[in-house]
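Chemist: Before anything else, here's the structure in question.
FYI, it's all coordinate maths here, none of it is from the lab. Just so it is clear, the model here is predicted, and its values are computed rather than measured. Here the Cβ is made from the backbone with ideal geometry for all residues, glycine too, and neighbour counts use every protein chain on show.
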Amino acid sequence: QQQVKQSPQSLIVQKGGISIINCAYENTAFDYFPWYQQFPGKGPALLIAIRPDVSEKKEGRFTISFNKSAKQFSLHIMDSQPGDSATYFCAARTSYDKVIFGPGTSLSVIP
Amino acid sequence: NAGVTQTPKFRILKIGQSMTLQCTQDMNHNYMYWYRQDPGMGLKLIYYSVGAGITDKGEVPNGYNVSRSTTEDFPLRLELAAPSQTSVYFCASKRIGDDEQFFGPGTRLTVL
């Protein structure tokens, strides 16, 4: 199944709080799981990514948690800031470097 | 480096008209992609190319055509525009062996 599910569709978090976005997939052939961040009027940009042989990856305030047996992965944004307000897409890579995107989560961080 | 550039930024078409969305990258990337983004739907792959002269269909190719005569350019052609093709179109590129795709700023297309 070439699909990546993502929730929630939208998220409002107070400044300094933790933002959590969850994703799930079916295809065990996916070999790379990136998260993209998109600001209004801009193209998506790679935020952080993980491979399925790793359970967690942290880069600054951003952490991916990966559960291979459950086929789920999530993005945690610690100490969320208003500048983090954007749309976040989880994704998974298939053969020939094709990437399947989730539907996106609109994050608003309020002061 | 300019990265991935797309023209035009905006376009309004009438039903049945045709147009070409331009995409150019100056990073000497082998792989190039065309996506469309609809509200609440994420990005859907239209076509992709692994090198000059090689193209293949993605998830939603109907109504579109592509060509790749050079490494730098990957134009997307709409032959008979339909309202269902109203969307934001993104071009992306990637170096072979690398993981990251680099996206252009997008083209917002409206078909009326």
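Chemist: Students often get this wrong, so check it: of A:K68/A:K98; B:K57/B:K94; A:K71/B:K44; A:K71/B:K57; A:K5/A:K57, which have C-alpha atoms separated by over 23 Å?
Modeler: Pairs exceeding 23 Å: A:K71/B:K57.
Chemist: Still on this structure, I have one more. Given the C-alpha atoms of region A:49-100, compute the convex hull and give its volume per residue in Å³.
Modeler: 98
Chemist: For peptide A:100-106, what's the mean number of Cβ atoms from other chains within 10 Å of each residue's Cβ?
Modeler: Average per residue, whole number: 4.
Chemist: Next up: Given +1 on the Cβ of Lys and Arg, -1 on the Cβ of Asp and Glu, and no further charges, what dipole in debye does chain B carry about its Cα centre, rounded to the nearest 20?
Modeler: The dipole magnitude comes to about 400 debye.
Chemist: Read phi for every residue in region B:70-76 and hand back ³J(HN,Hα) as whole Hz from Karplus 6.51 cos²θ - 1.76 cosθ + 1.60, θ = phi - 60°, with x for Gly and Pro.
Modeler: Values per residue, Gly and Pro as x: 10, 5, 7, 10, 8, x, 10 Hz.
Chemist: Let's see if you can work this out: charge +1 on each Lys and Arg Cβ, -1 on each Asp and Glu Cβ, no other charges. What is the dipole magnitude of the protein assembly as shown about its Cα centre, in debye to the nearest 20?
Modeler: Result for the protein assembly as shown is approximately 420 debye, rounded to the nearest 20.
Chemist: What does the extension gain come out to for B:A2 and B:S18, with contour length at 0.36 nm per residue minus their alpha carbon separation?
Modeler: Difference between extended and current length: 3.0 nm.
Chemist: Something else now. With θ taken as phi - 60° and the coefficients 6.51, -1.76 and 1.60, list the Karplus ³J(HN,Hα) couplings across region A:2-16 in order, rounded to whole Hz; mark glycine and proline as x.
Modeler: Those phi angles translate into 8, 8, 10, 9, 9, 8, x, 6, 9, 8, 10, 10, 6, 3, x Hz.
Chemist: Cα centroid distance between region A:67-111 and region A:1-58, in Å?
Modeler: Using only Cα atoms to place each centre, the spacing works out to 2 Å.
Chemist: Then there's this: Please tell me the relative contact order of chain B in percent, rounded to the nearest whole number, where contacts are Cα pairs under 8 Å and at least six residues apart.
Modeler: That works out to 36 percent.
Chemist: Taking region B:8-55, how much of its Cα-Cα pair set, in percent, is spaced more than 11 angstrom apart?
Modeler: 77
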